[in-house]
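See below for the structure under consideration.
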Amino acid sequence: MTTTAPPPAPTPAVATPPPSPSARFRVPGAFLLGAVLLFGVAPLVLSDFRISLLAKYLCYAIVAVGVSLAWGRGGLLVLGQGVFFGLGGYAMAMHLKLADAAAAGETLPDFMLLYGSGDALPWWWRPFANPVFALAATVLLPMAVAALLGYFVFRRRVRGAYFAILSQALAAALSIWLVGQQTTTGGTNGLTDIRGFFGYDLSDPVNQRTVYFVVAGVLLLLMAAARQLFVSRYGELLVAVRDAEERVRFLGYDPAAVKLVAYVVAAGTAGLAGALFVPAVGIISPALIGIVPSIGFVIGAAVGGRASLVGAVLGAVAVAWAQSSLSDAFPAAWTYLQGLLFVVAVGFLPGGLASVVTALRARRTRTAPAPAPTKGETA
Amino acid sequence: MSGAGLTVRDLRVTFDGFRAVDGVDLDVPPGDLRFLIGPNGAGKTTLVDAVTGLVRATGSVRFAGEELLGRPVHRIARRGIGRTFQTATVFEQLTVLQNLDIAAGAGRGPLTLLRRRRGVPEAVAHALETIGLAGLRDRPAGVLAHGQKQWLEIGMLLVQDVRLLLLDEPVAGMSHDEREATGELLRRVGEDRTVVVIEHDMDFMRSYARSVSVLHAGKVLKQGTVAEVQADARVQEVYLGRAAAPEPVAVPVAEEA
């Protein structure tokens, strides 16, 4: 925010009526249920193979948390989240490749020995040998890029389809650039064969489970943080900017700054997801961050309900699961199905499956004796 | 006079060669309740657009001694200038309370913004009473009746703590009772503020205007009290003269379309 004036101290004159007991426990209850499912039930009933698949899906769900904020609440159709996912993923993978090389007694990552022209590490790889720098970069690098890009884009009042196309073009540009840098980024192959994760052997199933727990924990924490943003005054302001940007301007706010915050947070979220994707799956490559995966990142949120945090997260997991299952059986058909899902969800069910749940719940409360005041919010 | 209130000098707005506002001079002293009238296309709304920064203009617009032209919209709003639109624009998905709370919050710091709203700020509670929507505060603004949306907009200007209100046809499409309620509301909020109202409804103007400016073809044709303006021959010719015919007496519901 660009405020310099001290905020007028809001004196609560009238207290808001306390929410009904069921509403008060609904959110903590949902988080508890999520934690029990992710940390208790899933590790018990799923095989090692399934757990590592679930870790991958949860990485997509983390991206969906940011998509839900930027697109669902902010109206920014972020069709280029692959860029930020990729920046986070490559930052993490570069560090892990350097650590692997050091563990093997080499100075260069394996692919550089294979394709490399020189024998020196490129200068921009060097800082990533430092784990603190690399970890910070997975989040801060995408946020910095988003801040720079968003500053110019929102100030120029680029919005709607133009914003979406611009995001897509950026995702395409980054993946094409990476393909061309065979000697320094691994080109089409990307960074593969990642063996260790901060001293732990990733081929050990126990460590794979630990990675899964880290991913699940990060997802729950980010959902809690996103929910706080949704119900905060900023969340209300973001919805106002989404629905009537010009009106917000006449109230003395700069909508560009409001949108920029959501965009940058979504980018940081995607970066963190990319960073976790690398140990969970063991690879990051241009094919995972280009146009098609970038569309994939928003489809889950669209199907589940982009304005609803839980809807977006469950939608992302479900679509990722469907993709793995169906693309094995019908490799050619999946792309069409993906496109169809997107069109159907955006065109006919803009609120996603979450809006169906909300509608059913509203019907139930209408028949109940004492209808609770609806807050117009699904989280 | 030029030190306070709204002072417009030689204001010009051109759209593709068409002079929508063509050298307007206007003085609205502090505390005035000024009506802007004139036939369609006279440049009334464009004048308000220029004052609030929505369209580019040349000349000078000063409020409370500060030049407004050339500043971005949100900076002008921060100087205490608020407006409404011909079609009420409220945040339909948000509740009445949330609408007002956002309007009250342009000066809030990041920490306040990141927290949830607890209770109702005093200014918001006060405005809810003033505009008579206290009973509807938890309803989404989208379900409000047309008149209630206009009142909510006026309420948003109140909590925004504006010193100059620019209202664009606030009673268009309202029933007779709603018009009276709106007029009384304007009187009340105008007690310690400067108010400029664009209006087509002559009866409404006669009842509530303290002073009137008549615009015609991008220029100010006449300025004065209601009686002075009505007595002016040129004004009768371009505008009021047609009041003898039934057309302008009918409330301009069609304006909305």
### Computed accessible area, residue B:176, all protein chains, 1.4 angstrom probe, square angstrom
130
### Query
How big a patch of accessible area, both sides summed and in Å² to the nearest 100, lies buried between B and A at a 1.4 Å probe?
3700
### Task
Return the carbon/sulfur percentage of the accessible area of the range A:43-290, one whole number, probe 1.4 Å, all protein chains in place.
67
### Query
Taking the Cα atoms of the range B:102-252 alone, what are Rg (to one decimal) and Dmax (as a whole number) in Å?
18.5, 60
#### Entry: Within straight-line cross-link reach of residue B:44, aspartates and glutamates at Cα separation under 12 Å, skipping those fewer than 8 residues along the same chain
B:22, B:168, B:169, B:199
### Message
Suppose each label sits 7 Å from its Cα in the direction of the beta carbon; what would the residue A:224-residue A:328 distance come out to in nanometres?
### Response
3.5
### Message
Taking 0.36 nm per residue of sequence separation and subtracting the Cα-Cα distance, how much length would be gained by fully extending the chain between residue A:156 and residue A:344, in nm to one decimal?
### Response
64.5 nm
### Query
Other chains' Cβ within 10 Å of A:231-244 residues: what's the mean?
6
### Message
Please compute, for peptide B:82-91, the average count of beta-carbon atoms on other protein chains lying within 10 Å of each residue's beta-carbon.
### Response
3
### Query
Mind ordering B:120-129, A:352-361 by average Cβ neighbours within 10 Å, highest first?
B:120-129, A:352-361
### Message
Give me the net charge for the shell around residue B:212: Cβ to Cβ below 9 angstrom, other residues only, Lys and Arg +1, Asp and Glu -1.
### Response
+2
### Task
Pop the C-beta distance of residue B:228 and residue B:87 into the FRET formula with R0 = 35 Å and round what comes out to the nearest 0.05.
0.65
### Query
Counting Lys and Arg as +1 and Asp and Glu as -1, each charge on the Cβ, what is the dipole of chain A about the Cα centre in debye, to the nearest 20?
1620
### Message
List, by residue number, every residue in the range A:250-298 with a reduction of 10 Å² or greater in accessible area between the chain on its own and the complete protein assembly, 1.4 Å probe.
### Response
A:250, A:251, A:252, A:253, A:254
### Query
Which one of B:156, B:172, B:182 has its Cα pushed farthest toward the positive end of the charge dipole of the range B:145-186, where Lys and Arg give +1 and Asp and Glu give -1 at the Cβ?
B:156
### Task
Compute the accessible area per residue over the range B:87-147, keeping the other protein chains in place, probe 1.4 Å, unit Å².
41
### Query
What's the angle, to the nearest 10 degrees (0 to 90), between helix A:333-348's Cα axis and the longest principal axis of chain A?
20
### Task
Within 10 Å, count the other beta carbons around each residue, average over each peptide in B:32-39, B:232-239, and list them highest first.
B:32-39, B:232-239
### Message
Can you give the FRET efficiency to the nearest 0.05 for residue B:192 and residue A:27, using r as the Cβ-Cβ distance and R₀ = 41 Å?
### Response
0.45
#### Entry: With Cα atoms, 0 to 90° folded angle of helix A:291-304 axis to chain A main axis
30
### Query
Given labels modelled 7 Å from the Cα in the Cβ direction, how far is it in nm from residue B:203 to residue A:181?
7.3
### Message
As I understand it, the value is the acute angle between the Cα axis of helix B:176-189 and the longest principal axis of the Cα atoms of chain B; what does it come to in degrees, rounded to 10?
### Response
80
### Message
Can you give me the distance in nm between label points at residue A:123 and residue B:75, each placed 7 Å from the Cα along the Cα-to-Cβ direction?
### Response
3.9
### Query
Short version: ³J(HN,Hα) in whole Hz for each residue of the range A:33-49, in order, from phi by Karplus 6.51 cos²θ - 1.76 cosθ + 1.60 (θ = phi - 60°), x for Gly and Pro, what are they?
4, x, 5, 5, 5, 6, 9, x, 6, 4, x, 6, 9, 9, 6, 4, 4
#### Entry: Cβ crowding within 10 Å averaged over residues, with B:5-12, A:155-162, B:208-215 ranked highest first
B:208-215, B:5-12, A:155-162
### Message
Tell me the mean residue ellipticity at 222 nm calculated for chain B from its helices only (DSSP H runs of n ≥ 4, each -39500 (n - 2.57), averaged over every residue, nearest 500).
### Response
-9000 deg cm²/dmol
### Message
Rounded to the nearest percent, how much of the accessible area of the range B:108-155 (1.4 Å probe, protein heavy atoms only) is carbon and sulfur?
### Response
54
### Query
Once the whole set of protein chains is in place, how much accessible area is left on residue B:46, using a 1.4 Å probe, in Å² to the nearest 10?
20
### Query
Which part of the range A:60-81 falls in the paramagnetic zone of residue A:169, meaning amide N under 18 Å from the point 7 Å along Cα-to-beta-carbon?
A:77-81
### Task
Give the accessible surface of the range A:54-155 per residue, rounded to a whole number of Å², with probe radius 1.4 Å and ligands, DNA and RNA excluded.
38
### Task
Run the 1.4 Å probe and let me know the accessible area of residue A:204, rounded to the nearest 10 Å².
60
### Task
Give the ranking of A:90, A:115 by solvent-accessible surface, highest area first, calculated with a 1.4 Å probe.
A:115, A:90
## Note on the structure
From DSSP H assignment alone, runs of 4+ in chain A each adding -39500 (n - 2.57), the sum over residues rounded to the nearest 500 puts [θ] at 222 nm at -22500 deg cm²/dmol
### Message
Can you give me the % of accessible surface on the range B:34-102 that is carbon or sulfur? Probe 1.4 Å, all protein chains present, nothing else counted.
### Response
45
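The values are calculated or read from the model by the stated rules, or taken from the named source; none is laboratory data. Bear in mind that the values here come from a model prediction, so they are computed numbers and not experimental data. Methodologically, a virtual Cβ is constructed for each residue, glycine included, from the backbone with ideal geometry; neighbour enumeration extends over all protein chains shown. Side chains included, ligands, DNA and RNA excluded: accessible areas come from the protein's heavy atoms. Shrake-Rupley method; radii C 1.70, N 1.55, O 1.52, S 1.80 Å.
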